[in-house]
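Contents: one structure, followed by commentary.
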Amino acid sequence: MPDDTARIPSRLSISLALLILGTFAVPAPGATYYVDGQSPEASDDHSGTAQAPWKTVSRAAGAEELRPGDTVIIRAGVYREDVEVTVSGEPGRPITFAAAPHARVVLKGSEPVRGTWTRMGGQGEVEEPYPNAFADVWKIELGEDFFIDPMFEHSYRDKSRRWVSQVFVDETRHLQRIGPDPIYPNEPYLQLTTVGRGLADLIQDSFFFDASTQTLYVKMAGEPGWHVIEVGVRGFVLRGDELHDLVFRGLEMRHNRQPGGQWSIVSFGNCQRVTLERLRVYQADFCGLGVGRSKDCTIRECDLSYNGNTGLGMGECEDCLVERCTLLANNYRRFHPGWHAGGMKCIPGNVRCTVRDCEVAYNVNSDGIWFDCENADVRIVGNVSHHNDGSGIFFEINQGGGVIADNLVYANRGRGIYISGSQKTWVVHNTVAFNHGGIVCMPRGADWPLEDVHVRGNLFLANRLAADGFARGADLTLYMGADESPQRTVTGNHSDDNVFSTASWTPSMRHSWNPDNTLAQWQERFQEDLHSRLLPVAAERHGTGFRLVPCDGLNLGGQLPDHLKKLFAESNVVGSSRTTWPE
């Protein structure tokens, strides 16, 4: 008979098995702490439990009690703080700061204006520049609590040099600043354009601040006392430096006063593996969210809209991901678009970073997605960029190149996709429609040539202005050499496997800024787009939406290099995989 005892595991083998299982076991869940600024029982001296919560987010952000894997739940409320995060988790066990389920957690860099407003109109204390000029003008003196941020201390010592850059009505409506800006000079081609000079230039829904008397003047319908008036005070509301393994989820940030330079209301620098998820960042003085010199960070499903200059700024980052974000109506303060403005401005030196599946639209007097200066191996994939006042996607002087693929780019008042002075760049399988110019690829002088740029598998529809006797824009501009040259002098840029719509008018291609070529001329003269076709492809626009009308022949297209195929479900389909917006 067999010896059944041989099948019975020894105590030693059981111990070894448990030891091995323990080595690969899931880490025990971390502790949970709570912040509840609305509760009268909350205190930063408490232990942070559900029954004894902390009062401020700042207390939690620097809590020595926190360990990797822990979570801080923030309950509903308005937190007027400059939150500096000083804690970090560890790989696989981040520390998480999250809004409580269904709670609206708002971090604000502003302070409300309390007190009695005085009407200017009809009082006779100041001569009106024209009849009824001050009919809707009110004034109030601001106290010291509007000049308390330690970051401004060096500027606030001289009271005559104090300034107010942002005033908000009922949280979401900003008033136009009147008068020179102390941070951004009104210089040609630079920075902020000044509106008016002083009190006499107030227009409806505007404000003027007189530093000599510390008096705030507003011109608006109705009495200011009927509304909540808030003034930007703090430079930041959430920031951290040299942090790692953190998650921030479900928080909202609003209002600030820029201390100088191109700073962000939410700012992270020199960080690793930080995830910013479902944040809403509105009405920053300059930039909404800034990430600099950071690695392996993720910005996911964030709403970065209605900020003074840009929604997102990213510089000198590596392997960072921006996905499924919304960047709408930024640059409401109307900074000069040639300097710095737009949905996102990523400058300089970002490497292997990706922007995908974002909507970037309605950005004021500026571009949608903008990568500028020494970026390398960038991926701009699957985005929808529409109704921006500038270009939908702007890729400027990036020698390290990248891939701009599978984007739906339509109805921008500038170029759809603009490649300027860049090299090693693939512009593939995009739908570019109804822009004032389609895909434009040009050098920026001798220092920034256009080399090794490939335009493949794109769908072009009506990228020009409709005007009798005048044509501006072309579907494709790809640099082949100087305008006056009858033949190409630059041989490293190529286009093929594209479809040009004939539904509206005859499409054109340009080998430099101005001369137009038909597709046949383009093929014969430059030997480009030999496999491209003209098709009567049409699209419908309803309001600000887009829908491509099905058309036979749109599945043609040559094979892309192997390193690009992974970006597409079907690499031989012309244009973006997204044919309707909103979906």
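Quick note: the coordinates plus some simple rules give every number you see, no bench work behind them. Just so you know, these numbers come straight off a predicted model, no measurement behind them. Because the Cβ atoms are built from the backbone with ideal geometry, glycine has one as well, and the counts that use them run over all protein chains shown.
Normalised by residue number, the volume inside the convex hull of the Cα atoms of the stretch 111-232 is 120 Å³ per residue.
A cut-off under 12 angstrom between Cβ atoms defines the neighbours of Thr502, and their net charge, with Lys, Arg +1 and Asp, Glu -1, is 0. When the Cα atoms of the stretch 370-583 are aligned to their principal axes, the ranges along those axes come out at 43, 40, 33 Å in descending order.
At full extension, Asp170 and Ser504 could sit 115.7 nm farther apart than now, given 0.36 nm per residue minus the alpha carbon distance. Summed over all non-identical Cα pairs, the Kirkwood treatment of the chain gives a radius of 26.5 Å. Once you reduce the stretch 365-379 and the stretch 323-348 to the center of their Cα atoms, the two points are 11 Å from each other. Fewest-first ordering of Arg278, Arg177 by other beta carbons within 10 Å of each residue's beta carbon gives Arg278, Arg177. In this structure, the amide hydrogen of Tyr33, modeled 1.01 Å from its nitrogen in the peptide plane, lies closer than 5 angstrom to those of Thr71, Val72, Ile73, counting only residues at least 5 positions away or on a different chain.
For Thr477, the amide hydrogen comes within under 5 Å of the amide hydrogens of Ile439, Val440, Cys441, Arg510, counting only partners 5 or more places away or on other chains and with H modelled in the peptide plane. Charged neighbours of Val364, selected by a Cβ distance under 12 Å, balance to +1 (K, R count +1; D, E count -1). Projecting label points 7 angstrom from Cα along Cα→Cβ for Gln204 and Gln123 puts them 2.3 nm apart.
Here the calculated FRET efficiency for Arg547 and Arg161, from their Cβ-Cβ distance with R0 = 60 Å, stands at 0.65, rounded to the nearest 0.05.
Counting only DSSP beta bridges with both residues in the stretch 144-242, the antiparallel share comes to about 85 percent. Taking each residue as 0.36 nm, the span from Thr32 to Arg93 lengthens on full extension beyond its C-alpha to C-alpha distance by 20.6 nm.
Exceeding 24 Å between C-alpha atoms, which entries from my cross-link table qualify? They are Lys139/Lys159; Lys55/Lys295; Lys55/Lys345; Lys55/Lys139; Lys219/Lys345. Beyond 24 Å between Cα atoms: Lys55/Lys295; Lys55/Lys345; Lys55/Lys139; Lys219/Lys345. Between amide H atoms placed 1.01 Å from N, distances below 5 Å from Arg280 occur with Leu251, Glu252, Met253, Asp303, all of them 5 or more places distant or on a separate chain.
What share of the DSSP beta bridges in the chain is antiparallel, in percent to the nearest 5?
So the antiparallel bridges in the chain amount to around 20 percent.
Can you sort Thr544, Thr298 from fewest to most other Cβ atoms within 10 Å of each residue's own Cβ? Don't jump to the answer; show the numbers that get you there.
Details: Thr544 13, Thr298 16.
Final ranking by Cβ density, sparse to dense: Thr544, Thr298.
Were the residues from Asp447 through Ala50 laid out at 0.36 nm apart, the gain over their Cα-Cα distance would be 136.9 nm.
Calculated from the alpha-carbon coordinates, the stretch 402-462 shows an Rg and a Dmax of 11.4, 33 Å respectively.
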